[in-house]
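Below you'll find the structure, written out as structure tokens, and then a few comments.
The values are calculated or read from the model by the stated rules, or taken from the named source; none is laboratory data. What you see is a predicted model, and the numbers here were worked out from it, not measured in a lab. Counting neighbours? That spans all protein chains shown, and the Cβs are built from the backbone with ideal geometry, glycine included.
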Amino acid sequence: MKITLSLSDKINKTSGESEVLLRCSMGRQLRLRVKSGIFISPDLWDDKKNEVKSTNKIRTGHVLKANKIKQKLEELCTKIVEESVKIPVESMDKDWLEGIVFQYNHPEYTRIAKSLSFFEVFDLFVETEKKDCSWKETTAERFVTLKHHLMGFEDWYDKKLTFDGLDKDFFDEFADFLLKFKKMRNSTNAKNFKLLKWFLRWAVANGYNNNSFFDTYTPGMCKTKKAKAEKKVVVFLNEEELKTVREFDFSNDDRLEKVRDVFVFCCYSGLRYSDVEHLTQNNIYDDQIHVTTIKTDDTITINLNSVTRAILEKYHDDEHPEAKALPVISNQKMNLYLKEMGKICGLDQLITQTYYVGTKRVEDTRPKYEWIGTHTGRRTFICKALSKGISPQLVMKFTGHSDYKAMKPYIDITENAKADAMKLLDD
């Protein structure tokens, strides 16, 4: 595993220090980035080498502090490498890495399990993390749903859930329960296991759980047959469809006109709905959009183009709540109205999404407008940019993607489109 360090641009106003960031990679298989929980004054940091400055470049009074921080970073990196050889690479994710960082930075937590029941710890986890990490309501709702699944499984399993009992049989049986009785598709099961591991890592870090078997268990496997992975069709608007949406006359429907404009803004900026929702006039200057993304906390800069500039100017003088730049409504309502907009604009090409429930293949065919949502705008931007010849590396700078794996489906679409276009030149 390769670990590189960098210093955050954000400076704590009280301490004057910035947090060291970690980037962990294993070829193209794994690329993770997390905060280290270790802070240092920018004066002690070498930006060119991305490490603590050597002692001969530091004032005498700060050498001891610099060496202590350097030692902590070396210990943390060593700990990550040691833990990485214990589990398969497919089980490594951001939650896993953050768990290691948390354990290193908080050795005061005892490793002796505290006397609370499984579900009491679960409730404490949700309550604590929701408050400390400022969870979105949707994140809390996902864990409430997971708890209902676990409680239903406990009744079906006829065995009280305990941390010590979370062995291979438990995970296999839980996978079967979700598959056979909840009839969940494999991708949903994988998300449930990811949430469950998030909770279990927290329980280990906080001394409620001594059983770390879950880190070696690979989701998607049940005790009978291997669950098939799903390859989701990327739904985006092609040039003709995007032009139709942009030029459609919604002047008699103020509701859909605003929804269309916000959606088109996403299509030409690449911003997620959550970032457009929080976009204010203060984020726009020097003919650029400057935002710190809600989902990943990345700071990105996006140049305005004729389309995004015109939409911002259109709503510049309107009074929006909290000085927002655009008339953004709730995500739920916008997803609903986008489908209505798509239907009116004639986006009715049939698209089939294939998914699996265990080994059973299920095909779901609907017109394109039923598949459209707020994230379709971001997908449209990526496909449009790649098709115009903009390099994936540059597109990733606009979108804030740090993982090439996330870009690959879009690159594959673009390459297929090029191949289809070349066939038109055949005799």
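Please indicate, with yes or no, whether at least one residue in region 366-388 is more than 19 Å from the chain's Cα centre (by Cα), within 19 Å of Thr244 (Cα to Cα), polar (S, T, N, Q) and not assigned by TED's automatic domain parsing to the domain that holds Ala175.
yes
Among Leu338, Leu326, which is the only one that is buried (at least 17 other Cβ atoms within 10 Å of the Cβ) and not in a helix (DSSP H, G or I)?
On inspection, the qualifying residue turns out to be Leu326.
Somewhere in region 66-73, is a residue β-branched (Val, Ile, Thr), in contact with a helix residue (DSSP H, G or I) (Cβ under 8 Å, 6 or more places away or on another chain) and not in a helix (DSSP H, G or I)?
no
One line per residue, one yes/no per condition, for (1) of a type outside the set (Phe, Trp, Tyr); (2) closer than 21 Å to Ala190 by Cα; (3) in contact with a Gly (Cβ under 7 Å, 6 or more places away or on another chain); (4) modelled with pLDDT under 90:
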position: Glu98; (1), (2), (3), (4): yes, yes, no, yes
position: Thr110; (1), (2), (3), (4): yes, no, yes, yes
position: Ala113; (1), (2), (3), (4): yes, no, yes, yes
position: Val126; (1), (2), (3), (4): yes, yes, no, no
position: Cys133; (1), (2), (3), (4): yes, no, no, yes
position: Phe171; (1), (2), (3), (4): no, yes, no, no
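Evaluate the following for Phe119: is it part of a helix (DSSP H, G or I), touching a residue at least 40 places away in the same chain (Cβ under 8 Å) and surrounded by 17 or more Cβ atoms within 10 Å (Cβ to Cβ)?
no
Taking the condition modelled with pLDDT of 85 or more, aromatic (Phe, Trp, Tyr) and either surrounded by 12 or more Cβ atoms within 10 Å (Cβ to Cβ) or outside any helix (DSSP H, G or I) (or both), does Phe102 pass?
no
Right, Tyr356: part of a strand (DSSP E or B), of a type in the set (Ser, Thr, Tyr) and surrounded by 14 or more Cβ atoms within 10 Å (Cβ to Cβ) or not?
Answer is yes for this residue.
The rows are residues; the columns are (1) within 16 Å of Asn67 (Cα to Cα); (2) surrounded by fewer than 15 Cβ atoms within 10 Å (Cβ to Cβ); (3) out of contact with any helix residue (DSSP H, G or I) (no Cβ under 6 Å at 6 or more places or on another chain); (4) not hydroxyl-bearing (Ser, Thr, Tyr).
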residue: Ile3; (1), (2), (3), (4): no, no, no, yes
residue: Asn12; (1), (2), (3), (4): no, yes, yes, yes
residue: Ser15; (1), (2), (3), (4): no, yes, yes, no
residue: Leu21; (1), (2), (3), (4): no, no, yes, yes
residue: Ile38; (1), (2), (3), (4): yes, no, no, yes
residue: Asp46; (1), (2), (3), (4): yes, yes, yes, yes
residue: Glu51; (1), (2), (3), (4): yes, no, yes, yes
residue: Ser54; (1), (2), (3), (4): yes, yes, yes, no
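Of all residues in region 74-91 being touching a helix residue (DSSP H, G or I) at 6+ places or on another chain (Cβ under 7 Å) and of a type in the set (A, V, I, L, M), which is farthest from Pro42 (Cα to Cα)?
Ile87
I'd like to verify a number: residues in region 285-323 that are assigned to a helix (DSSP H, G or I), surrounded by 14 or more Cβ atoms within 10 Å (Cβ to Cβ) and either hydrophobic (A, V, I, L, M, F, W, C) or on the phi > 0 side of the Ramachandran plot (or both), how many?
4
Name the residues in region 366-382 that are buried (at least 24 other Cβ atoms within 10 Å of the Cβ) and in a loop (DSSP other than H, G, I, E, B), would you?
Ile372
Given Thr162, Thr188, which one is surrounded by fewer than 19 Cβ atoms within 10 Å (Cβ to Cβ), over 24 Å from Glu83 (Cα atoms), in the same structural domain as Glu129 (by TED's automatic domain parsing) and in contact (Cβ under 8 Å) with a residue 40 or more places away in the chain?
Thr162
Looking only at region 124-139, which residues are in a helix (DSSP H, G or I) and either surrounded by 14 or more Cβ atoms within 10 Å (Cβ to Cβ) or outside the structural domain of Lys182 (by TED's automatic domain parsing) (or both)?
Residues satisfying the conditions are Leu124, Phe125, Val126, Glu129, Lys130, Thr139.
Restricting attention to region 389-405, which residues are part of a helix (DSSP H, G or I) and either in the same structural domain as Arg33 (by TED's automatic domain parsing) or modelled with pLDDT of 70 or more (or both)?
Once the filter is applied, which keeps residues that are part of a helix (DSSP H, G or I) and either in the same structural domain as Arg33 (by TED's automatic domain parsing) or modelled with pLDDT of 70 or more (or both), region 389-405 yields Pro392, Gln393, Leu394, Val395, Met396, Lys397, Phe398, Thr399.
Just checking, does region 14-22 include any residue being closer than 23 Å to Lys408 by Cα, within 20 Å of the chain's Cα centre (by Cα) and not polar (S, T, N, Q)?
no
Just one of (1) loosely packed, with under 14 Cβ neighbours inside 10 Å; (2) more than 27 Å from the chain's Cα centre (by Cα); (3) more than 17 Å from Val276 (Cα to Cα) trips up Ile344, so point out which.
(1)
Looking at Phe163, Phe199, Phe193 in this structure, which one is under 23 Å from Phe102 (Cα atoms) and not in a helix (DSSP H, G or I)?
That would be Phe163, the only listed residue that is under 23 Å from Phe102 (Cα atoms) and not in a helix (DSSP H, G or I).
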